[in-house]
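Before any comments, here is the structure.
The values are calculated or read from the model by the stated rules, or taken from the named source; none is laboratory data. On a predicted model such as this, the values are computed, not experimentally measured, just so you know. Note that we place each Cβ from the backbone using ideal geometry, even for glycine, and neighbour counts take in every protein chain shown.
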Protein chains: 4
Amino acid sequence: MAKKVKAFAMLGLNKVGWIEKDAPTCGVNDALVKPLALAPCTSDVHTVWEGAIGDRKDLVLGHEGCGEIVEVGAAVKDFKVGDRVLVGAITPDWGSVEAQSGFPSHSGGMLGGWKFSNSKDGMMSEIFHVNEADANLALIPDGISLAEACMLSDMVMTGFLGAEMADIQLGETVCVIGIGPVGLMAVAGANLRGASHLFAVGSRPDCVRVAKGYGATEIINYKNGSIVEQALKLTNGKGVDKVILAGGDEKTMIEAVQMVKAGGIVSNVNYFGSGDYIPIPRADWGVGMSHKFIHGGLMISGRYRLEKFASLMLTGKLDVKPMITHTLHGFDKVEEALLLMKDKPADLIKPVVII
Amino acid sequence: MAKKVKAFAMLGLNKVGWIEKDAPTCGVNDALVKPLALAPCTSDVHTVWEGAIGDRKDLVLGHEGCGEIVEVGAAVKDFKVGDRVLVGAITPDWGSVEAQSGFPSHSGGMLGGWKFSNSKDGMMSEIFHVNEADANLALIPDGISLAEACMLSDMVMTGFLGAEMADIQLGETVCVIGIGPVGLMAVAGANLRGASHLFAVGSRPDCVRVAKGYGATEIINYKNGSIVEQALKLTNGKGVDKVILAGGDEKTMIEAVQMVKAGGIVSNVNYFGSGDYIPIPRADWGVGMSHKFIHGGLMISGRYRLEKFASLMLTGKLDVKPMITHTLHGFDKVEEALLLMKDKPADLIKPVVII
Amino acid sequence: MAKKVKAFAMLGLNKVGWIEKDAPTCGVNDALVKPLALAPCTSDVHTVWEGAIGDRKDLVLGHEGCGEIVEVGAAVKDFKVGDRVLVGAITPDWGSVEAQSGFPSHSGGMLGGWKFSNSKDGMMSEIFHVNEADANLALIPDGISLAEACMLSDMVMTGFLGAEMADIQLGETVCVIGIGPVGLMAVAGANLRGASHLFAVGSRPDCVRVAKGYGATEIINYKNGSIVEQALKLTNGKGVDKVILAGGDEKTMIEAVQMVKAGGIVSNVNYFGSGDYIPIPRADWGVGMSHKFIHGGLMISGRYRLEKFASLMLTGKLDVKPMITHTLHGFDKVEEALLLMKDKPADLIKPVVII
Amino acid sequence: MAKKVKAFAMLGLNKVGWIEKDAPTCGVNDALVKPLALAPCTSDVHTVWEGAIGDRKDLVLGHEGCGEIVEVGAAVKDFKVGDRVLVGAITPDWGSVEAQSGFPSHSGGMLGGWKFSNSKDGMMSEIFHVNEADANLALIPDGISLAEACMLSDMVMTGFLGAEMADIQLGETVCVIGIGPVGLMAVAGANLRGASHLFAVGSRPDCVRVAKGYGATEIINYKNGSIVEQALKLTNGKGVDKVILAGGDEKTMIEAVQMVKAGGIVSNVNYFGSGDYIPIPRADWGVGMSHKFIHGGLMISGRYRLEKFASLMLTGKLDVKPMITHTLHGFDKVEEALLLMKDKPADLIKPVVII
């Protein structure tokens, strides 16, 4: 009889709960991992309460966490049972033609690297499955706590991708729209890549404070009027070099295109949840000829980037602790943590559950 | 009393005619040029009959041509009276911060390099003015005819930019939407950069024939149904690596995003003439995370690129003659040529007036 | 008792011969392949007669070929026994951190993706082993012959990499030094990427003829004097935009740096076989500040690039047949083919053995 | 009779002194500037005492400084007499084909943008000349002192170029060899671009202290043995991702290539002053196939970069004050400052003369 595991799942649209499922099995290249810490993500909220990936029955949630290996496949070379590991939210098939062409997140098709809580069960389970263990895991280095490790799964990866797709150069003026946890990591990423003037668009006091700590030089609050006008005023009408979209809805794209210079980049790491179309404002886009490039992508994970970004934490150049506002203890607290993420109390940035 | 020149101008919306104007004066870094050949552009049609740049009174038309220098400013070093020169449609201020940052076409602000028939009079004049002559002119090499030289002003530059912004790599599958003269040069540019499968979307038989000559391997005709479905069918459902938009309207962007692979690029060189917004289809764009990058820009001109692209003609690697379907003779024929461009008879690709 | 296979091997420095070895075994992600065609490479000559990888005993030679799958591992998804496949000379570990960072050819360490006839037996065996079959094989498309398929293993991949690392742009002037088979493919690659003036440095009449067919516009023959002076003369003293090094020895680097413009690239795909150092000429390199970048790398293979470059052959944009000057028949002819490669008769470019 | 200016000059090899010269004249696009602060550079030392640019008679020295405009040409638009301005050490011709192709520092030929104290008199003069004033000057922003402004002319520009040509990505391990003022700015630049582990190779205590302040995480001192072995030990034998060469001699290139990973970059901003060749170690360079790219270039200046990098100082992200160890007062002190640079007392990093 198959071993069973307890897991926290989406039961259907707008419904979550604890279930029992067959434990995952371990392929030859794979690993099974017992979570040591987990963090819910706004994406889990989108999945359950906004139907982001359609209706699903008994889909285990969660794609941010770290854990301890409990089984490895016969072809796994670099990891063994007992290793404590970082796990990315996206776990590509690294041999795929898409990965070979530079786009591992889309292995097997658009967004195909996104497996946890999408094409297979997520991490909120007593045991979860990781494909291509050698490529998709990394050891948790000494000096990084379990809670901090969880931030590497998605928040750091996604926020930094925003800065990378914006191709930020030394001394550029950058505007990050949205300063939830992804936006904060976009601020940190933009600052680490050498932005000088760094505008953060947001209003929640705790987020504003943390954004400043991550290098934001000016705060733009939509409550004070048009964010475009504020950005233009701060740049003497010239516009910003780059915009990172880490919040808002499809209309925010209009503002992003309006505030960026000709020759600039709008880099999106936001999930667009509604509307058939994301509108580019025609005139502000130079009737098609503005050289305002529009980028957007899914975080790129894997051992290489897990190790690389962890090294920023080890050398003291990135501190994710200010993002972790709520720490809960015990696997059962995963539910409470998710509801925190859904309800977003004023003082919440990111909750973590230590198991 | 100021010298007068005869010129062909936009008299107002939907009205063109011959006027007399004061001859342009030559700044220290500039040149005055007498046209030897001129070509009307669809942009001239947009300007007069679609209000692309608003209502204008007595604005001299034309930004495609070549000519002979009749005066040079005191600071011009590399050109002299009598030189026969290539002239780009876009004539940037090369010392501007925008040019220094890699975007000369936007010197002084978005689209600021576009001066002819926009911020100053165009080329359809007995004498026209070229700013920063050393940087914006190039000698017409032996072996390039006057008519061919006209194709370098805009058609080659714009079509090739489409291929460049698409960052086409050896062996990629590319779809060019629109095979008017810019689209044909996009086909040629994509082919020259090493596209293997090269789809050309169009229906006019003459354009189809020329597109094949420029390397198109398959023709997609919208009359045969959805161009997206045709492109997907030709790629076994995988989509194309890159799309170059060189025609259509704002809804064509939807099709471009639908047919391109995750990790691909939509590169726009089309003028979007109507609608407040250019719509990106949300789901096909991976809800913001598809890594389908959207680029679009204004041709980049200048002496360096004029010489570089002319060298492709000199070495026999680019032949623009198949595009030149109509050759007229005499300055007075500029009007007829423009009306040809407006009315687009079935056998027209590009008319040129030899003066 | 282990199954035995007959194979052609390096017996030791300067010695080759036929041996019997245990047949390779097939890992879960791997495939065993029976060669259908094989081509010897100059690298095999370097290996045996120049000690390029040190002394080796009974190392099976060969890394260019195509074949039919005779066994696949349990985890292989996309290939099955009987499939006829393209095989790259370099077969990376695609999950490695090096591959994740964009350098699959160096998976596991510098040049680590080079396994055939280096860290394991090569292809000149009744059966050979391919690691990570899904990632390192591609189906031979209809329309590509077995002999042509062999050219994809290394010649096309290596020559094209030269053009890629040179970052050739539309209309640039390029010099390819060396027009053996790799150099010829560098000429073809440079031409396919849009070089206008394309100088090929060589002297053998057959190679010169083929180089012209691949787009070379001028031939530089070292018998006519300094190749640097010839290149400078052809460019009116300005130098070339890019150089691809596909032949010569360490001193050829001096000439490459001398003939390239400030801001240009020297892209090396040559094997440097002797000397402790490759000298960069100090003054010609602008005392360190010339922006003459020096690139060099090992071919990048994998299914993605095999398919991509095969598509250039399928669409008629690349024809490798002119390179295949000698076709032999029968597995036993592998030895003769290798000796042809070693002795280089005047009319030889590339021999292929059809099995 | 021409106005005369007092200036400090190279009188010949190994000889400096004060001279009187005709004041420079102002072209239509140019400006004449009275220095407000000046800094000598190691390059001045190379020029006078190492014959870096050959023997010169009465060549005015100096290319680091800021000043006040005393005259502008008729075609200058953005600056006027009395403006206090930043001046780059390199002052390109921005309309040149080289600048159009992305290499302004080589306008008119290799290193052609280097005019001060090379192709024309330098800044150590009562009045100095700046070509293309609109493009090559920038206003000194409020909040930046005259001494700090001098650091923008060359030290910041050159050090940062080292980080840019190394294409440093978030979380990479970088080694900067040499921590004189350029090396220190390379450390700061690497840190600002997101290096995690950042090794600085040097031994002088003051430089070490400042390097740590700029983000160096480990110091490698050649007095403790091979710097290559130290770098390998710190990376568990893997090597560093990128090396910036900002000191040493031609043999240092060997060490740089040895310590960098396959797939890494050696980025040189060092002046190589002796030897005919700069040696690349053949085996460590993977016999030509290591993908260890070797870059090297001359600082890129101009108004765009002056403003951009100044903005890093204005936002507190770059503090150049720790580099300025010696401040002298009075134009006459230029001589003493230069000799300081030549003699390098233990506590010297960079002297500045306030005039």
Legend entry - Residue satisfying all of: in the range C:151-167; under 15 Å from C:Val266 (Cα atoms) and charged (D, E, K, R); surrounded by the most Cβ atoms within 10 Å (Cβ to Cβ) among these: C:Glu164
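Residue-wise test of (1) closer than 22 Å to D:Leu234 by Cβ; (2) touching a Phe, Trp or Tyr at 6+ places or on another chain (Cβ under 6 Å); (3) not in a strand (DSSP E or B).
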site	(1), (2), (3)
D:Ala256	yes, no, yes
D:Gly263	yes, yes, no
D:Ser267	yes, no, no
D:Tyr271	no, no, yes
D:Ser274	no, no, yes
D:Pro279	no, yes, no
D:Asp284	yes, no, yes
D:Val287	no, yes, yes
D:Gly296	no, no, no
Inset, instruction - Could you tell me whether any residue of the range B:95-109 is part of a helix (DSSP H, G or I) and surrounded by fewer than 23 Cβ atoms within 10 Å (Cβ to Cβ)? - result: yes
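If I filter the range B:285-300 for residues that are closer than 30 Å to B:Glu132 by Cβ, within 14 Å of chain C (Cβ to nearest Cβ) and modelled with pLDDT under 95, do I get at least one hit? Give the steps one after another, and end with the answer.
Quick first cut of the range B:285-300, residues closer than 30 Å to B:Glu132 by Cβ only: B:295-300.
Remaining after also requiring within 14 Å of chain C (Cβ to nearest Cβ): B:299-300.
Those left that are additionally modelled with pLDDT under 95: none.
Within the range B:285-300 (the criterion being closer than 30 Å to B:Glu132 by Cβ, within 14 Å of chain C (Cβ to nearest Cβ) and modelled with pLDDT under 95), the answer is no, since none of the residues qualifies.
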Inset, instruction - Within the range C:162-210, track down each residue that is within 14 Å of chain B (Cβ to nearest Cβ) and over 20 Å from C:Lys238 (Cα atoms). - result: C:Gly162, C:Ala163, C:Glu164, C:Met165, C:Met185, C:Ala186, C:Val187, C:Ala188, C:Gly189, C:Asn191, C:Leu192, C:Arg193
Legend entry - Odd one out for B:Gly82 among (1) surrounded by fewer than 20 Cβ atoms within 10 Å (Cβ to Cβ); (2) part of a loop (DSSP other than H, G, I, E, B); (3) at negative phi: (3)
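Taking the conditions exactly as written (more than 24 Å from the chain's Cα centre (by Cα) and touching a residue at least 24 places away in the same chain (Cβ under 8 Å)), does C:Leu198 satisfy them or not?
Values: more than 24 Å from the chain's Cα centre (by Cα): no; touching a residue at least 24 places away in the same chain (Cβ under 8 Å): yes.
No: the conditions fail for C:Leu198.
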Inset, instruction - Residues being on the phi < 0 side of the Ramachandran plot, facing another protein chain (nearest Cβ under 7 Å) and surrounded by fewer than 24 Cβ atoms within 10 Å (Cβ to Cβ): count how many of those fall in the range A:274-284. - result: 5
Inset, instruction - Kindly check whether there is at least one residue in the range A:305-323 that is surrounded by fewer than 19 Cβ atoms within 10 Å (Cβ to Cβ), more than 14 Å from chain D (Cβ to nearest Cβ) and of a type in the set (A, V, I, L, M, F, W, C). - result: no
Legend entry - Counted residues, the range D:42-65 - those being farther than 15 Å from D:Asp121 by Cα and within 15 Å of the chain's Cα centre (by Cα): 3
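To keep it simple, each residue is scored yes or no on (1) free of Cβ contacts under 8 Å to residues at least 40 places away in the same chain; (2) surrounded by 18 or more Cβ atoms within 10 Å (Cβ to Cβ); (3) touching a Phe, Trp or Tyr at 6+ places or on another chain (Cβ under 9 Å).
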{"position": "D:Cys26", "(1), (2), (3)": "no, yes, no"}
{"position": "D:Asp58", "(1), (2), (3)": "no, no, no"}
{"position": "D:Gly62", "(1), (2), (3)": "no, yes, yes"}
{"position": "D:Gly65", "(1), (2), (3)": "no, yes, yes"}
Legend entry - Filter result (assigned to a loop (DSSP other than H, G, I, E, B) and either in contact (Cβ under 8 Å) with a residue 12 or more places away in the chain or surrounded by 20 or more Cβ atoms within 10 Å (Cβ to Cβ) (or both)) within the range A:1-17: A:Ala2, A:Lys3, A:Leu13, A:Asn14
Inset, instruction - Looking only at the range C:324-334, decide whether some residue is touching a Pro at 6+ places or on another chain (Cβ under 8 Å), over 17 Å from C:Val156 (Cα atoms), crowded, with 21+ Cβ neighbours inside 10 Å and at pLDDT 95 or above. - result: yes
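If a residue has to be at the interface with another protein chain (Cβ under 8 Å from one of its Cβ atoms), of a type in the set (A, V, I, L, M, F, W, C) and without any contact (Cβ under 8 Å) to a residue 24 or more places away in the chain to count, how many in the range D:67-102 make the cut? Spell out how you get there, then give the answer.
First, the residues of the range D:67-102 that are at the interface with another protein chain (Cβ under 8 Å from one of its Cβ atoms): D:74-75, D:94-102.
Okay, now just the ones that are also of a type in the set (A, V, I, L, M, F, W, C), so D:74-75, D:94, D:97, D:99.
From what is left, the residues that are without any contact (Cβ under 8 Å) to a residue 24 or more places away in the chain are D:97, D:99.
Total meeting the criteria: 2.
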Inset, instruction - Out of A:Ser96, A:Ser101, A:Ser117, A:Ser105, report the one residue that is in contact with a His (Cβ under 6 Å, 6 or more places away or on another chain), of a type in the set (S, T, N, Q) and farther than 22 Å from A:Ser145 by Cα. - result: A:Ser117
Legend entry - Single match in B:Lys317, B:Lys344, B:Lys261 (criterion: charged (D, E, K, R), within 21 Å of the chain's Cα centre (by Cα) and modelled with pLDDT of 95 or more): B:Lys317
Inset, instruction - Report the residue count in the range D:316-335 for those that are part of a helix (DSSP H, G or I) and touching a residue at least 12 places away in the same chain (Cβ under 8 Å). - result: 7
Legend entry - Hits in the range D:186-217 (condition: surrounded by fewer than 24 Cβ atoms within 10 Å (Cβ to Cβ) and at positive phi): D:Gly215
Inset, instruction - Of all residues in the range A:212-227, count the ones that are within 14 Å of chain D (Cβ to nearest Cβ), closer than 15 Å to A:Val243 by Cβ and within 23 Å of the chain's Cα centre (by Cα). - result: 1
Legend entry - Tally of residues being farther than 21 Å from C:Met151 by Cα, assigned to a loop (DSSP other than H, G, I, E, B) and touching a helix residue (DSSP H, G or I) at 6+ places or on another chain (Cβ under 8 Å) across the range C:34-67: 3
Inset, instruction - Considering only the range D:151-224, give the strands (runs of 3 or more DSSP E) lying wholly within it that have at least 2 residues that are out of contact with any strand residue (DSSP E or B) (no Cβ under 9 Å at 6 or more places or on another chain). - result: none
Inset, instruction - Output the residue which, of all residues in the range D:122-150 that are within 12 Å of chain B (Cβ to nearest Cβ) and in a loop (DSSP other than H, G, I, E, B), is surrounded by the most Cβ atoms within 10 Å (Cβ to Cβ). - result: D:Glu132
Inset, instruction - Would you check which residues across the range D:210-229 are without any contact (Cβ under 8 Å) to a residue 24 or more places away in the chain and either under 23 Å from A:Met313 (Cα atoms) or in contact with a His (Cβ under 7 Å, 6 or more places away or on another chain) (or both) and list them? - result: D:Lys212, D:Thr217, D:Glu218, D:Ile219
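Which residue out of C:Gly73, C:Gly162 is modelled with pLDDT of 95 or more, under 28 Å from C:Ala186 (Cβ atoms) and not β-branched (Val, Ile, Thr)? Please lay out each step first, then the result.
Numbers: C:Gly73 fails: under 28 Å from C:Ala186 (Cβ atoms).
That would be C:Gly162, the only listed residue that is modelled with pLDDT of 95 or more, under 28 Å from C:Ala186 (Cβ atoms) and not β-branched (Val, Ile, Thr).
Can you tell me which residue in the range C:18-33 is nearest to the other protein chains (Cβ to nearest Cβ), limited to those that are in a strand (DSSP E or B) and touching an Asp or Glu at 6+ places or on another chain (Cβ under 8 Å)?
First pass over the range C:18-33, keeping only residues in a strand (DSSP E or B): C:18-22, C:31-33.
Now drop any that are not touching an Asp or Glu at 6+ places or on another chain (Cβ under 8 Å), which leaves C:18-19, C:21, C:31-33.
Details: C:Trp18: 29, C:Ile19: 27, C:Lys21: 24, C:Ala31: 13, C:Leu32: 17, C:Val33: 17 Å.
Across the range C:18-33, the extreme among qualifying residues is C:Ala31.
Kindly indicate which of D:Lys233, D:Lys242 is part of a strand (DSSP E or B) and among the charged types (D, E, K, R). Step through it out loud before you land on a result.
Values: D:Lys233 fails: part of a strand (DSSP E or B).
Going through D:Lys233, D:Lys242 in turn, the sole match is D:Lys242.
Going residue by residue through the range A:247-265, is there one that turns out to be under 24 Å from D:Leu312 (Cα atoms), within 11 Å of another protein chain (Cβ to nearest Cβ) and among the acidic types (Asp, Glu)? Don't jump to the end; show me each part of the working.
Filtering the range A:247-265 down to residues under 24 Å from D:Leu312 (Cα atoms) leaves A:256, A:259-265.
Retained after the next criterion (residues that are within 11 Å of another protein chain (Cβ to nearest Cβ)): A:260-265.
Adding the requirement that they be among the acidic types (Asp, Glu) leaves none.
Within the range A:247-265, not a single residue is under 24 Å from D:Leu312 (Cα atoms), within 11 Å of another protein chain (Cβ to nearest Cβ) and among the acidic types (Asp, Glu).
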